[in-house]
Amino acid sequence: MPKSSARDIGQIESTYTSELGTLSWSWVMKPDGKVLYRLSNIDGRAERNYWRLIYQLDSTERWEIGTDAAKAAALLARLARERGHHVAGNHR
């Protein structure tokens with residue numbers, strides 16, 4: 001599980017399997033609408049990679065999500081699935 005910041009609205013974990021192995025990713029949404037992700041594990045071995053900006057919510061999306069962690073996690077899960085990742089947990 002990624003270390004959560006009090007300033008994160010939502011966070012999820014996802015996995016992606018490739019010929020390199022099983023890759024685990026951490027995803028977070030910040031209050032300013034930035035969605036970031038980073039590679040956190042390769043075949044269970046911890047990695048320390050930089051956070052990368054993958055999406056920026058527009059003002060309407062930010063208003064709809066507000067500070068609702070469940071809505072933020074659902075959006076993060078959708079973005080992860082769109083990129084071929086398997087989302088851990090029960091996110092739609």
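The values are calculated or read from the model by the stated rules, or taken from the named source; none is laboratory data. Being a predicted model, the structure only gives us computed values, none of them experimental. Because the Cβ atoms are built from the backbone with ideal geometry, glycine has one as well, and the counts that use them run over all protein chains shown.
Please find, among Arg92, Arg52, Arg62, the residue that is surrounded by fewer than 16 Cβ atoms within 10 Å (Cβ to Cβ), of a type outside the set (S, T, N, Q) and at pLDDT 95 or above.
Working: Arg92 fails: at pLDDT 95 or above; Arg62 fails: at pLDDT 95 or above.
When all the criteria are applied, what remains is Arg52.
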Go through the residues of segment 35-46 one by one and say whether even a single one is within 18 Å of Ala74 (Cα to Cα) and touching an Asp or Glu at 6+ places or on another chain (Cβ under 6 Å).
no
Filtering strands (runs of 3 or more DSSP E) wholly in segment 10-85 for at least 1 residues that are in contact (Cβ under 8 Å) with a residue 40 or more places away in the chain gives 10-18, 21-29, 34-42
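Could you list, in sequence order, all residues of segment 49-92 that are among the basic types (Lys, Arg) and over 13 Å from the mean Cα position of the chain (by Cα)? First the steps, then the outcome.
Narrowing segment 49-92 to residues among the basic types (Lys, Arg): 52, 62, 71, 78, 81, 83, 92.
Arg62, Arg92, listed by residue number.
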With the structure loaded, tell me whether Ala46 is within 15 Å of Ser14 (Cα to Cα) and either over 10 Å from the mean Cα position of the chain (by Cα) or loosely packed, with under 13 Cβ neighbours inside 10 Å (or both) or whether it fails that test.
yes
Exactly one condition in (1) of a type outside the set (Lys, Arg); (2) modelled with pLDDT of 95 or more; (3) in contact with a Phe, Trp or Tyr (Cβ under 9 Å, 6 or more places away or on another chain); (4) exposed (fewer than 12 other Cβ atoms within 10 Å of the Cβ) is not met by Gly84; state its number.
(2)
